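Inspection log for the structure reproduced underneath, given as structure tokens.
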Amino acid sequence: MQTHYLIIGSGIAGLSVAVKLAEQFVDRKIVIVSKDKGEESNTNYAQGGIAVVIDRVKDNFEQHIKDTLTCGDGLCDKKVVESVVKNAPNQLQELISWGAQFDREENGTFDLAKEGGHSTNRVVHHKDETGKEIERAVLLEARLKKNIIFLEHHFAVDLMVKNNICLGASILNKKNKQQFVINAGFTILATGGVGQIYQTTTNSTVATGDGIAMAIRAKAKVCDMEFIQFHPTAFFSKSKPTFLISEAVRGFGAFLKNKNGYRFMFDYDSRGELASRDIVSRSIITEMYKTNAECVFLDATHLDKHSFQKHFPAIYKYCLQQGIDVFRNYIPVVPTQHYICGGITVDTNGQTSVLNLFACGECAHTGLHGANRLASNSLLEAVVYAQFIFNYLKEKELPDEHYTNVRFKVDRPKISETIMKINTADLNAMVQNNVGIVRNQKQLQNTLLQLKFWRNECNELLQRYQPTADFMEFYNKVIVAHEIVTASIKRTNNKGCFYKA
Ligand code: FAD
Ligand code: SIN
């Protein structure tokens, strides 16, 4: 298959780039591949919303910039922060033009929520299901475009790179198990996060770090991989997946209490429950340790019933299903893996270090987040960088190279379940225990040895066999965990969400 633009991923990042390109170039072909059904993505689970400066009286760009820089703990790229924050209102308008709806006050202005690290209310949202609403709207917009070909349940295995120029990717059709190559003039990785390397995560099952691992194999640069963000308040449950209790619930006035009913956050930070995530997560685990408890609690019992149900219908319903009436009972919560701040290094046009290869969204490292992402800045980064990539590509001639016929070697037998011993549970347990909120150099070094072993084993198997999607996901998780652990070992100072005791 040949295409002008190949987009890997159908979350907010991939879809936004696709729709913009499809509108601009009606005679050019855009292929989106997505390894699950179109909507399955981290985007679909986003709750809180998008941070945008709307109220120019109580808020301004400088404050949003300052909050982002403070949260990033000295490692943000200030120019990137400024450009993202200033482009936010236009990108919000574009989402609205694509049909996404956001909650408004009776007078028509946006209902702005507050989240940790923000000095004021600036989070535009759709109840507590902002991501689902955005995904619905942008996916529909993409499906309506005649020049977008959507390949769902297609797994991108590897990038095709020659002389540091990306020529497309090899793709595995998960239904008929056939592997083929898509030659592309430009390839955009929009594959999202890495949460599934952990035992517990708020992330979608698709978040296995595939794009970052593919980029690493293609020798693209990655950076800041040690900065894994843990959300302070995931519903405490021994079963997967882990449901998020949005930070906006604390922004709405809920308190964090320990098992003795003590409201502890002011002992750690003057902003209390609304300190940035890194601080709240570390405070919670300290408090859990001090009180010998498996979790802490969110107390929403004093909040206005009607208003809470209106703002947080999904959270209210989920808690009820778990036997928690939030107006009578405290919600049990624990910090849980949520986001990767690092990723594939891109410039201000979203270009990676491999020519004609771009990265957008959670898999990319733009410099916006530094050592710790400010709440609700991720959806924002994805839409703004989708625009930056589009601005660049709109002016760029199509490369000749994409007509090169890259062949895929199909002479190897398929890897079978018996040959490949996928140790996902072991990998998850090891990463959960050794690459958490507080890390330890010795444990990291031991972890690295096992990861190196798995990485070599997978490498060798790939020389002899054709991979399955399950095998590639395991391999990708190993590669990504390897990078995170290596970067964690190297880091000598604690910053943002990275903490080594
Ligand atoms: P995703 O939305 O994760 O999409 C990735 C896509 O890539 C998927 O379509 C997937 O199938 C595809 N893919 C992956 N690997 C392959 C492969 N090998 N082959 C083919 N396709 C592949 N951020 C905010 O700003 N505000 C919030 O309120 C917020 N709330 C959140 C709540 C939760 C529970 C979670 C998990 C995250 C939240 N975030 C929030 C973070 C934010 O949602 C994500 O960072 C963002 O949506 C990522 O978008 P994306 O397009 O980069 O990736
Ligand atoms: C949340 O709603 O708490 C998640 C917000 C985010 O990850 O930015």
Output for Cβ contacts, cut-off 6 Å, separation at least six or different chains, first residue closer than 11 Å to residue 49 by Cα in the range 106-119, second surrounded by 18 or more Cβ atoms within 10 Å (Cβ to Cβ) and hydroxyl-bearing (Ser, Thr, Tyr), reads 115/376
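Rundown of residues vs (1) over 27 Å from residue 105 (Cβ atoms); (2) out of contact with any Cys (no Cβ under 6 Å at 6 or more places or on another chain); (3) within 16 Å of ligand 2 (Cβ to nearest atom); (4) not basic (Lys, Arg), yes/no style:
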position: 32; (1), (2), (3), (4): yes, yes, no, yes
position: 50; (1), (2), (3), (4): no, yes, yes, yes
position: 72; (1), (2), (3), (4): yes, yes, yes, yes
position: 82; (1), (2), (3), (4): yes, yes, no, yes
position: 88; (1), (2), (3), (4): no, yes, yes, yes
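Listed here are the residues, each with its yes/no results for (1) among the β-branched types (Val, Ile, Thr); (2) touching a strand residue (DSSP E or B) at 6+ places or on another chain (Cβ under 7 Å); (3) modelled with pLDDT under 95; (4) more than 27 Å from residue 389 (Cβ to Cβ).
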{"site": "51", "(1), (2), (3), (4)": "no, yes, no, no"}
{"site": "55", "(1), (2), (3), (4)": "no, yes, yes, yes"}
{"site": "65", "(1), (2), (3), (4)": "yes, no, no, no"}
{"site": "82", "(1), (2), (3), (4)": "no, no, no, no"}
{"site": "89", "(1), (2), (3), (4)": "no, no, no, no"}
{"site": "95", "(1), (2), (3), (4)": "no, no, no, no"}
{"site": "104", "(1), (2), (3), (4)": "no, yes, no, yes"}
{"site": "124", "(1), (2), (3), (4)": "yes, yes, no, no"}
How many residues of the range 208-251 are more than 13 Å from ligand 1 (Cβ to nearest atom), of a type in the set (S, T, N, Q) and over 15 Å from residue 297 (Cα atoms)? The answer is 1
Practice prompt. For residue 169, state whether it is buried (at least 24 other Cβ atoms within 10 Å of the Cβ), closer than 28 Å to residue 25 by Cβ and over 21 Å from the mean Cα position of the chain (by Cα).
Written response: yes
Cβ pairs under 6 Å, 6+ apart or interchain, first in the range 225-249 and over 23 Å from residue 500 (Cα atoms) and among the aromatic types (Phe, Trp, Tyr), second assigned to a loop (DSSP other than H, G, I, E, B) and more than 14 Å from ligand 2 (Cβ to nearest atom), ordered by first then second residue, are 236/295
For this session: Looking only at the range 121-130, decide whether some residue is over 21 Å from the mean Cα position of the chain (by Cα) and within 16 Å of ligand 2 (Cβ to nearest atom).
Result: yes
- request: With the condition kept exactly as written, say whether any residue in the range 367-377 is within 11 Å of ligand 1 (Cβ to nearest atom), in a strand (DSSP E or B) and out of contact with any Cys (no Cβ under 9 Å at 6 or more places or on another chain).
  value: no
Hey, residue 132 basic (Lys, Arg) and assigned to a loop (DSSP other than H, G, I, E, B) or not: no
Checked the range 120-158 for anything at positive phi and either out of contact with any His (no Cβ under 8 Å at 6 or more places or on another chain) or crowded, with 24+ Cβ neighbours inside 10 Å (or both); matches are 153
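Listed here are the residues, each with its yes/no results for (1) surrounded by fewer than 23 Cβ atoms within 10 Å (Cβ to Cβ); (2) under 20 Å from residue 439 (Cα atoms); (3) within 13 Å of ligand 2 (Cβ to nearest atom).
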position	(1), (2), (3)
236	yes, no, no
250	no, no, yes
255	yes, no, no
269	yes, no, no
273	no, no, yes
276	no, yes, yes
The condition from (1) in a loop (DSSP other than H, G, I, E, B); (2) of a type outside the set (Asp, Glu); (3) over 30 Å from residue 395 (Cβ atoms); (4) within 11 Å of ligand 1 (Cβ to nearest atom) that residue 57 misses is numbered (4)
* Asked: Is it the case that residue 5 is within 7 Å of ligand 1 (Cβ to nearest atom), in contact (Cβ under 8 Å) with a residue 40 or more places away in the chain and among the aromatic types (Phe, Trp, Tyr)?
  -> no
Is the range 29-40 home to any residue that is within 15 Å of ligand 1 (Cβ to nearest atom), among the hydroxyl-bearing types (Ser, Thr, Tyr), at pLDDT 95 or above and not in a loop (DSSP other than H, G, I, E, B)? yes
For the structure I just gave you, tell me whether residue 266 is more than 15 Å from ligand 1 (Cβ to nearest atom), in contact with a helix residue (DSSP H, G or I) (Cβ under 8 Å, 6 or more places away or on another chain) and either outside any loop (DSSP other than H, G, I, E, B) or not β-branched (Val, Ile, Thr) (or both). yes
Selection from the range 172-205 of residues of a type outside the set (Ser, Thr, Tyr), buried (at least 24 other Cβ atoms within 10 Å of the Cβ), in contact with a Gly (Cβ under 8 Å, 6 or more places away or on another chain) and within 25 Å of residue 19 (Cβ to Cβ) yields 182, 184, 188, 189, 190, 192, 193, 203
If we keep only residues of the range 360-382 that are within 13 Å of ligand 2 (Cβ to nearest atom) and farther than 19 Å from residue 90 by Cβ, then the residue surrounded by the most Cβ atoms within 10 Å (Cβ to Cβ) is 362
Tell me, please, whether a residue that is out of contact with any strand residue (DSSP E or B) (no Cβ under 8 Å at 6 or more places or on another chain) and within 12 Å of ligand 1 (Cβ to nearest atom) can be found in the range 176-192.
yes
Given the conditions (1) touching a Lys or Arg at 6+ places or on another chain (Cβ under 8 Å); (2) part of a loop (DSSP other than H, G, I, E, B); (3) more than 9 Å from ligand 1 (Cβ to nearest atom), every one holds for residue 273 apart from (2)
Checked 22, 46 against criteria (at pLDDT 95 or above and within 16 Å of ligand 2 (Cβ to nearest atom)); the one match is 46
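The values are calculated or read from the model by the stated rules, or taken from the named source; none is laboratory data. Predicted, not measured: the structure shown is a model, and the values here were computed from it. In this analysis, Cβ positions are derived from the backbone assuming ideal geometry, glycine residues included, and neighbour counts consider all displayed protein chains.
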